[in-house]
Amino acid sequence: MSDNRFFGTHRPWEDWLGMLLGVLIMVSPWFPMQVSDVVDVERSHLVLNSFVVGMLVLGLAQLEYVALHRWEEVASIALGLWLIASPNIYGYSEDQTLQLWHILLGGLVALIGALQLWQDWNLSEQDLAKHPQ
């Protein structure tokens with residue numbers, strides 16, 4: 001019973017986890033690279049994509065921490081799914097380490113967004129405004 005209440009209420013740690021995931025997404029292109037690797041034109045697209053998606057995830061998590069709205073969770077789910085699909089869209093699926101990182105991080109972002117959306121689904125606008133900070 002207590003586990004249901006734990007996952008049934010939107011908690012601030014979920015927003016902090018979203019912020020951490022945003023930062024990890026921003027720096028993820030450098031996880032599999034060696035220090036001597038040079039970012040060329042082909043790789044710059046995935047670096048830019050990772051940076052933009054990471055900044056958006058970070059910004060949405062900060063917005064959720066301050067003022068809670070359902071569209072923020074829907075946007076988080078969409079960003080997580082975009083990050084999962086990015087290796088196939090930008091053609092770096094042969095880099096299996098980065099592909100694994102983006103699938104893992106995107107899955108976590110989408111999972112946290114879905115959990116938060118589920119937690120907030122039946123709340124009124126007044127209840128959403130009382131979100132703990």
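The values are calculated or read from the model by the stated rules, or taken from the named source; none is laboratory data. Fair warning: this is a prediction, and the values are worked out from it, not measured in the lab. Reconstructed Cβ throughout: ideal geometry from the backbone, glycine too, with neighbour counts over all protein chains shown. Side chains included, ligands, DNA and RNA excluded: accessible areas come from the protein's heavy atoms. Shrake-Rupley method; radii C 1.70, N 1.55, O 1.52, S 1.80 Å.
Structure values in brief
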item	result
Rounded accessible area per residue of the stretch 39-126, 1.4 Å, Å²	54
Net lengthening on full extension, residue 13/residue 55 (0.36 nm per residue, minus Cα-Cα)	13.3 nm
Most to least accessible of 27, 47, 66 (protein chains only, probe 1.4 Å)	66, 27, 47
Principal axis dimensions, the stretch 79-120 - Cα atoms, whole angstrom, descending	38, 16, 7
Extension reserve of the residue 45-residue 81 stretch, reckoned as 0.36 nm per residue once the Cα distance is removed	11.2 nm
Amide N proximity, the stretch 98-117 versus residue 74 label position 7 Å along Cα-to-Cβ, cut-off under 16 Å	113-117
³J(HN,Hα), Karplus 6.51/-1.76/1.60, whole Hz, each residue of the stretch 95-105, x for Gly, Pro	7, 5, 5, 5, 4, 5, 4, 6, 5, 5, 5
Note, ³J(HN,Hα) from phi for the stretch 12-21, Karplus 6.51, -1.76, 1.60, rounded to Hz, x at Gly and Pro	x, 5, 5, 5, 5, 5, x, 5, 4, 4
Inter-label distance, nm, simple model (7 Å from Cα along the C-beta direction), residue 103/residue 89	1.8
Extension gain from residue 115 to residue 23, taking 0.36 nm per residue of separation minus the Cα-Cα distance	31.1 nm
